[in-house]
Amino acid sequence: ENKAVFDAESAKEVVKELRDSFVTGKTKSHRWRVTQLKAMLKMLDENEPQIVAALRDDLSKPEFESSLYEIQMLKNSCRLALKEMNHWMMPEKAKTSLTTFPSSAEIVSEPLGVVLVISAWNYPFLLSFDPVVGAISAGNAVVLKPSEMAPASSSLIAKLVADYLDSSCIKVVEGAVPETSALLEQKWDKILYTGNGRVARIVMAAAAKHLTPVVLELGGKSPVIVDSDINLKVATRRIIAGKWGCNNGQACIAPDYIITTEDYATKLVDSFKCELERFYGKDPLESKDLSRIVNSNHFDRLSKLMDEEKVSSKIVHGGQRNEKNLQIAPTIFLDVPVNSLIMKEEIFGPLLPIITVDKVEQSFDLIHSSGGKPLAAYLFTNNKKLKRKFVETVSAGGLVVNDTAVHLAIHSLPFGGVGESGMGSYHGKFSFDAFSHKKAVLYRGFAGDAFLRYPPYTPGKLTLLQALLSGSIVGIIRALLGWFWA
């Protein structure tokens, strides 16, 4: 079947069509936004089996994870936007000062225009549509570029958007590097990209040519600090849920490595062995509750991390692989060298190294020495002093104490990175704000026109205006008295 080539000229036409629609004001209306979000909810309700099947084709993702972490979380985003959008759209009152008295002011949220969302393969539906919910609720026209690494999901996304949403304002462009490059050549009013740092640099460089603002949702080596004064069974289960229960470790907020004391490491490993067998059986490659590795390139990358000479001997649990089926079992390493490959790059898979220290407080120095700021960081402890130090000293996109990954589900919290783990944030109202411009508006009448601002300029006028601008009542009184006595 011959497929039309999508090049820079095609991308230009798509942007022009959407910009023409946006200029009509269609997307700005509350009614349009509500209609599209309700249509998205209907789309998710009527096509859940097809979505689950596409995710199974792309990743062998368990139905439990697909339904809960992709579909249900998307529904929650839509429902929250429908409930709160009218409030989000209302102008925010702002204080004024004596300088402009009498006056009133407000901050008006207006849509940016035509925006581009480039999503990732590991959560193809959630990471595609969750930003789109924000873009729609803010009143924008949108182009969505799903990841070609999840082809079944990408194809279904394109079909569903065409069937359920307003195609004059919301479009999907499928494809790989050529199509993405063609899109990035265009001028957008904002770009949101979810993925890795290498591609993020390309996106940011392309955006810089048009001074386009960007939101980058990346990743990093998210650490887990495990203290000894905890409920070990609960902690182990929560780490497993955040690591292997999130797409078999192929998640940007998955625990990347653990830091614990040398004395406690053996107990922690034993607990992992027990709970992992309970969850995934004696042969986890036979389990239906683990996703597979997305493709052979990532399988080979993870195998390289496992097979490094100074790492392969450190496996204390797991290590089974099936190259044909792209499966890797949950694998735990103990005391891998900090200069090994597995500790230098984000793992993004089912491998979990454990690093030991003499005292748990040394964990913070180890995190700082890595040089990066992760997307997430986790601490398991009952020590209040340690919790405070964790919050005060660890710089990450988000922190969670005594659990992993669950902050993603709290829409009142911003989700985003810092430094090389990303910039900007979204979720809930933060999604609305990410795709809105906060426009400052000041209202004045014709009364109270101050002659002070007009020529001829005099020392008395200058003194009084300086006092007005400073907001000091005492200064204003002194300036008026000085003028009077002069």
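For the pairs LYS61/LYS359; LYS38/LYS159; LYS233/LYS314; LYS243/LYS314; LYS243/LYS359, note any where the Cα-Cα span goes beyond 27 Å.
Pairs exceeding the cut-off: LYS61/LYS359.
What is the list of residues in the stretch 293-335 whose amide nitrogen lies under 16 Å from a point 7 angstrom out from the Cα of ASN196, following Cα to Cβ?
Answer for this model: 293-306.
Could the peptides 48-55, 458-465, 298-305 be put in order, highest first, of the mean number of other beta-carbon atoms found within 10 Å of their residues?
Most protected by this proxy first, the peptides run 48-55, 298-305, 458-465.
State, as an integer percentage, the relative contact order of the stretch 1-160 based on alpha-carbon contacts under 8 Å between residues 6 or more apart.
28
Could you state the accessible area per residue of the chain in Å², with a 1.4 Å probe and every protein chain left in place?
47
With a sphere of radius 9 Å drawn around the Cβ of GLU275, what net charge do the other residues whose Cβ falls strictly inside it have (Lys, Arg +1; Asp, Glu -1)?
Here the charged neighbours net out to +3.
Okay, which of the stretch 180-196 sit inside 18 Å, backbone N to the point 7 Å along the Cα-Cβ direction of LYS16?
From the stretch 180-196, the list is 182-189.
Using 0.36 nm per residue, how much length does the chain from LEU452 to GLU309 gain when fully extended, once their Cα-Cα distance is taken away?
43.7 nm
What net charge do the residues around TRP32 carry, taking every other residue with its C-beta under 13 Å from that of TRP32, with Lys and Arg at +1 and Asp and Glu at -1?
+4
Based on DSSP H assignment, which helices of the chain show an axial Cα extent of at least 15 Å together with a mean Kyte-Doolittle hydropathy greater than or equal to -0.5?
Both cut-offs are met by 8-23, 48-59, 73-89, 126-137, 151-164, 197-208, 232-243, 459-470, 473-485.
Divide by every residue of the chain the summed helix terms, -39500 (n - 2.57) for each DSSP H run of at least 4, and state the resulting mean residue ellipticity at 222 nm, rounded to the nearest 500 deg cm²/dmol.
One gets -13000 deg cm²/dmol as the mean residue ellipticity at 222 nm.
Using mean Cβ contacts within 10 Å as the protection proxy, how do 87-100, 418-431 order, highest first?
Taking the mean over residues of other Cβ atoms within 10 Å, the ranking is 418-431, 87-100.
Averaging sequence separations of C-alpha pairs under 8 Å and six or more residues apart, then dividing by the length of the stretch 223-416, give the relative contact order as a whole percent.
28
Could you sort 130-138, 390-398, 254-262 so that the peptide with the highest average Cβ count within 10 Å comes first and the rest follow in order?
130-138, 254-262, 390-398
Hey, with R₀ at 45 Å, roughly what FRET efficiency would HIS87 and LYS387 work out to, going by the Cβ-Cβ distance, to 0.05?
For HIS87 and LYS387, the calculated efficiency is 0.85.
Dipole of the chain, Cα-centred, from +1 at each Lys and Arg C-beta and -1 at each Asp and Glu C-beta, to the nearest 20 debye?
Result for the chain is approximately 1780 debye, rounded to the nearest 20.
Share of the stretch 225-349's accessible area from carbon and sulfur, percent, 1.4 Å?
With neighbouring chains kept in place, the figure for the stretch 225-349 is 46 percent.
Using the charge dipole of the stretch 21-108 (Lys, Arg: +1 at Cβ; Asp, Glu: -1 at Cβ; taken about the Cα centre), state which of SER77, VAL34, LEU44 has its Cα farthest towards the positive end.
Most positive-ward Cα: VAL34.
Compare the Cα positions of ASN297, PRO337, SER412 along the charge dipole of the stretch 223-416 (+1 at Cβ of Lys, Arg; -1 at Cβ of Asp, Glu; about the Cα centre) and return the one farthest towards the positive end.
Comparing the listed Cα positions along the dipole, SER412 ranks first.
The values are calculated or read from the model by the stated rules, or taken from the named source; none is laboratory data. Since the structure is predicted, the reported quantities are computational estimates derived from the model, not experimental observations. Every residue, glycine as well, gets a Cβ built from its backbone with ideal geometry; the counts of neighbours run over all protein chains shown. Please note that ligands, DNA and RNA were not included when accessible areas were found on the heavy atoms of the full protein model with its side chains. Shrake-Rupley method; radii C 1.70, N 1.55, O 1.52, S 1.80 Å.
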